[in-house]
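In what follows, a single structure is set out as structure tokens and then discussed.
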Amino acid sequence: MKTNLFETAFFNFKSKTVHILSYVFLILVLISCNKTTEKTTVAEPVPVASSETVQATPANPPSNFKHATAMVNGVNIHYVIGGKGEPLVLVHGFGQNWYMWNRLLPELSKHFTVIAPDLRGVGESDKPEGGYDKKNMAKDIHELVKKLGYNSVNFAGHDIGLMVAYAYAAQYGNEVKKLALMDALLPGIEPVWSQVSASAWWFGFFAWPASGDIVKGKEKEFLTNFWPMVGHVKDPFTAEETAEFVRAYAVKDGAKSSFKWFGAFPQDGKDNLVFAKTKLKMPLLAMGGEYFAAAFLKEHSKLVAENVSESKIAGSGHWLVQENTAQVQKDLLAFFLAK
């Protein structure tokens, strides 16, 4: 893969990121200066730490879905489940929770039993002190799948969910029929990993132990300033989506624990180098946004998998499902339903 191909996809955000970055850091400095006067409030039934008005209860999925929680791998994992047919696991990434898939659930559930969990560290799932390496987070999902009675699944993961999806397929390859990796990259897999790590300032900030305390109480300001940095379509989230995502990270220790996903990247890199010694055999769809990962994700995926196809989501930045819902739905269905 040529370096200038990556630069076309990633560094087109550079001037925008620098401008927004200065604004975000100003907010963070002000937050830090005001920490001594901030009070922590707890709202029932969902604890919320925020000075803003935050949605108090979780959003609901379509009527043919239900909320549920399972104790797996030593933690409670919240998920929504619905539909009929073969199981399809959908795993979200940073800045979102299970609700990122809500627009797709009605159609996907006509063809699959859809399982959309909250990763450990966010929303209604537990937020333990450790266990945030993607190898272990994949184990969370694997034990959930087993508890639900399934021996094999189709699997799609976006952003951090892409990393969990890969770790799942690398460990339990015989139990994954098809795998969709959506608009991110794999720690430790070069050359893209080093190129992104050198430019994505948030990787370092999120991994910093103090970052959770700085953002606490200002999750709305933080997320609404972060989302545009890697997006392309202006205001792609509905008011309902924004409220749910903010709520999921404003629950007690939500933002702080989700940042641990990034703190685990060094270990993830080590694990991925071991995983990559054996390439994945199942069909893999590399789905990237035109203005983000599409330029490199297919070649990046070929470094760890043998049977790679591609979907370039037109007009989209990182938030694929919201920025071009129709094409994401069409391409996911075409991939997972193909014989």
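Overview of results
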read-out: Assigned charges on the beta-carbon of Lys, Arg, Asp, Glu; the stretch 236-336 dipole about Cα centre (debye); value: 420 debye
read-out: Beta bridge orientation in the stretch 57-169: antiparallel %, DSSP, nearest 5; value: 60 percent
read-out: For the stretch 227-237, Karplus couplings with θ = phi - 60° (6.51, -1.76, 1.60), whole Hz, Gly/Pro x; value: 3, x, 4, 10, x, 10, 6, 6, 6, x, 8
read-out: Shape call, the stretch 159-242: gyration tensor on alpha carbons, a/c limit 1.5; value: prolate
read-out: Nonlocal amide H pairs with Ile313, under 5 Å, H built at 1.01 Å; value: Gly288, Gly289, Glu290
read-out: Pairwise FRET efficiency - Lys110 versus Glu190, Cβ, R0 = 51 Å, nearest 0.05; value: 0.80
read-out: 3J(HN,Hα) from dihedral phi, the stretch 192-207, Karplus parametrisation 6.51/-1.76/1.60, rounded to Hz, x for glycine, proline; value: 4, 4, 5, 5, 5, 4, 6, 10, 7, 4, 5, 4, x, 5, 5, 6
read-out: Accessible-area composition of the stretch 49-175, carbon plus sulfur, in percent [1.4 Å probe]; value: 45 percent
read-out: Selection from Pro128, Leu90, Leu108 lying farthest towards where the dipole of the stretch 84-134 points positive, charges on Cβ; value: Leu108
read-out: Net dipole in debye of the stretch 186-262 [+1 Lys, Arg Cβ; -1 Asp, Glu Cβ; about Cα centre; nearest 20]; value: 220 debye
read-out: For the stretch 69-77, 3J(HN,Hα) per residue [Karplus equation, 6.51 cos²θ - 1.76 cosθ + 1.60, θ = phi - 60°, Hz, x = Gly/Pro]; value: 9, 9, 7, 9, 6, x, 9, 7, 10
read-out: Additional length obtainable on full extension of the chain from Leu273 to Lys147, 0.36 nm per residue less Cα span; value: 42.4 nm
read-out: Percent accessible area from carbon and sulfur atoms, the stretch 188-339, protein chains only, probe 1.4 Å; value: 57 percent
read-out: Residues with amide H under 5 Å from that of Leu186, placed H, sequence gap 5 or more; value: none
read-out: 5 angstrom amide H check on Thr113, placed H, neighbours 5+ away; value: Lys84, Gly85, Glu86, Leu88
read-out: Contour minus Cα-Cα distance for Asn307 and Ala239 (0.36 nm per residue); value: 20.6 nm
read-out: Rounded accessible area of Met282 (nearest 10 Å², 1.4 Å probe); value: 20 Å²
read-out: Heavy-atom accessible area per residue - the stretch 154-304, 1.4 Å, Å²; value: 34 Å²
read-out: Members of Lys66/Lys134; Lys134/Lys339; Lys139/Lys270; Lys84/Lys135; Lys135/Lys277; Lys127/Lys260 lying beyond 19 Å, as alpha-carbon distances in this model show; value: Lys66/Lys134; Lys134/Lys339; Lys84/Lys135
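The values are calculated or read from the model by the stated rules, or taken from the named source; none is laboratory data. Just so it is clear, the model here is predicted, and its values are computed rather than measured. Neighbour counts are summed over all protein chains in view; Cβ atoms, including those assigned to glycine, are modelled from backbone coordinates with ideal geometry. The accessibility values were calculated without ligands, DNA or RNA, using every heavy atom of the protein model including side chains. Shrake-Rupley method; radii C 1.70, N 1.55, O 1.52, S 1.80 Å.
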